[in-house]
């Protein structure tokens, strides 16, 4: 008599184990993507357009004809000026990041060509302590800017950073003044500075060189702001509006010139340099 | 702790005055007693200052009765004409600025301004500026440059305001622009940290040829509470964070980020504001006289060079 009774079937959701390096899940739409295909698409989801995080050298490869033809100041290391220790010592954090990401700290700088035109490029490395700016990042940017002035090349910086590196205390704050002073020299020399903002660019980096571009481009959907959303929420005790501090919000408020999908970035940079060089 | 001590010291000083008066009035030789009390006072004050923890200084720097920017302007300047507005959006009362006479010359004075009571604090947003404040400061600095007048800034903020409007109107851009403008301004700039030097919100008016700091002022990339919340995952660890951040005037002088410490009375600036203002005025005058001797090109070159040196790195 139980012919109408539906056999109970246990609903199981099996977690799909993704073999590393072969498949990646999109944070935007949840689509499972083949890594090779993703790389061909500049690490942008073909379904929803979500921009995956890419590292500094990948940006160099994306923007420059042959990547970095020369990389600068790879031997600079933080000196831990305060002997900073919280739950972990700063030295240990540096060491762990160096092993995982490479010892070049949170920015790679070098020279190369964009459609044959010589440029000086800096690209930040978010995976190195959240792309935070300490003395090494500041000094690498200063030297890069000086080289741009000496060789009369345009300057491009791709930012991705949580802000100042608090383990370097007041020195990290002073890097904001230092990098801005370096950019003032570039401006005096009549050379263009192009700032490209990627996810995320916040804090002391936004409040210094990142917002000082003659032209500022942003990747779609990037979080860009002075204060982080959590700090703002805690301060004002209200929910933040939809899309707050995203690239599209900044474009609407007049803070960036254009939002450029990664696949069009090089071409746009090339045209812009043509107008300004 | 610092405050209780300062009351004790005040009592000792009163006692000293009484003894001296008594001694001269009655013609009794009390020099031995007086000397002993003076030595004791000196020693205890020295101990008290040495014993101040970094977080004690944080509390002193935030003391509600501490002199603020307008107090220094009133005590040190004549012919003060406050100038309002950024010409884009509104006037931000968290930053005040305007022309003033200082030591017989016209100067542009700019500073963060906290409120004395709740009503004034609400109007001044507790001294936490919006972008308009920084843009007003930028306008006034360029005005000073146009007429070849020096810029004096007083730094006293817990930080630039983290709010929706501030982000919409470009808080980051406003601060960044000031850093660039100050790096190249062709007139002398002296900044004096009088209370809290809170991160980018402080630096936004503090890129200068000379940076002075009151003895109990603090200057830091992040508040000890904010740092504790992130790195120790609890705001209760603020004392520990203050130690790690090295944010006192003495720390910053050792790190060569500031040029001079302006001494405060033993109990803090608020116990004798006139004396504190005199010390600030004396230091400003001395540095200004040095800077006024320099040509604008040289001034800018030296200022940039100073900031180019900042940081600590090793080179393999």
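Tabulated data
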quantity	calculated
Members of region A:30-39 that are outside any helix (DSSP H, G or I) and surrounded by 13 or more Cβ atoms within 10 Å (Cβ to Cβ)	A:31, A:33
Unique residue being surrounded by fewer than 18 Cβ atoms within 10 Å (Cβ to Cβ) and within 14 Å of chain A (Cβ to nearest Cβ) when the list is B:259, B:251, B:236	B:236
Selected residue [buried (at least 19 other Cβ atoms within 10 Å of the Cβ), more than 8 Å from chain A (Cβ to nearest Cβ) and out of contact with any strand residue (DSSP E or B) (no Cβ under 8 Å at 6 or more places or on another chain)] from B:268, B:311	B:268
Options A:258, A:238: the member that is surrounded by fewer than 17 Cβ atoms within 10 Å (Cβ to Cβ), touching a helix residue (DSSP H, G or I) at 6+ places or on another chain (Cβ under 9 Å) and more than 9 Å from every other protein chain (Cβ to nearest Cβ)	A:258
The listed residue being modelled with pLDDT of 95 or more and within 7 Å of another protein chain (Cβ to nearest Cβ), out of B:188, B:162	B:162
Evaluation of residue B:311 against (1) part of a loop (DSSP other than H, G, I, E, B); (2) modelled with pLDDT of 95 or more; (3) over 26 Å from residue B:199 (Cβ atoms) (one fails), failing number	(3)
Residue B:98 assigned by TED's automatic domain parsing to the domain that holds residue B:204 and touching a strand residue (DSSP E or B) at 6+ places or on another chain (Cβ under 6 Å)	yes
Residue count, region A:242-269 (criterion: more than 16 Å from residue A:195 (Cβ to Cβ), in a helix (DSSP H, G or I) and touching a residue at least 40 places away in the same chain (Cβ under 8 Å))	1
Odd one out for residue B:302, checked against (1) within 14 Å of chain A (Cβ to nearest Cβ); (2) touching a strand residue (DSSP E or B) at 6+ places or on another chain (Cβ under 6 Å)	(2)
Lone unmet requirement of (1) assigned to a helix (DSSP H, G or I); (2) under 18 Å from the mean Cα position of the chain (by Cα); (3) surrounded by fewer than 24 Cβ atoms within 10 Å (Cβ to Cβ); (4) facing chain B (nearest Cβ under 10 Å) for residue A:137	(3)
Given (1) outside any helix (DSSP H, G or I); (2) within 13 Å of the chain's Cα centre (by Cα), number of the condition residue B:294 does not satisfy	(2)
Filter result for the condition that a residue is more than 10 Å from chain B (Cβ to nearest Cβ), within 16 Å of residue B:171 (Cβ to Cβ) and without any contact (Cβ under 8 Å) to a residue 40 or more places away in the chain, over A:155, A:197, A:223, A:212	A:223
Subset of region A:161-184 [more than 7 Å from chain B (Cβ to nearest Cβ) and surrounded by fewer than 24 Cβ atoms within 10 Å (Cβ to Cβ)]	A:162
Filtered residues of region A:40-82 (kept if out of contact with any helix residue (DSSP H, G or I) (no Cβ under 8 Å at 6 or more places or on another chain), assigned to a helix (DSSP H, G or I) and surrounded by 14 or more Cβ atoms within 10 Å (Cβ to Cβ))	A:56, A:57, A:58, A:59, A:60, A:61
In region A:121-134, residue nearest to residue A:202 (Cα to Cα) [restricted to those that are more than 13 Å from every other protein chain (Cβ to nearest Cβ) and in a strand (DSSP E or B)]	A:124
Subset of region B:137-170 (residues that are under 22 Å from the mean Cα position of the chain (by Cα) and more than 23 Å from residue B:296 (Cβ to Cβ))	B:154, B:155, B:156, B:157, B:158, B:159, B:160, B:161, B:162
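Residues are listed down the side, and each one gets a yes or a no for (1) farther than 19 Å from residue A:158 by Cβ; (2) out of contact with any strand residue (DSSP E or B) (no Cβ under 9 Å at 6 or more places or on another chain):
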position	(1), (2)
A:63	no, no
A:70	no, no
A:74	no, no
A:82	yes, yes
A:85	yes, yes
A:93	yes, yes
A:98	yes, no
A:103	yes, no
A:111	no, no
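The values are calculated or read from the model by the stated rules, or taken from the named source; none is laboratory data. Because the structure is predicted, anything quoted here is derived from the model rather than measured. Here Cβ is always computed from backbone atoms with ideal geometry, including for glycine, and neighbour counts include all displayed protein chains.
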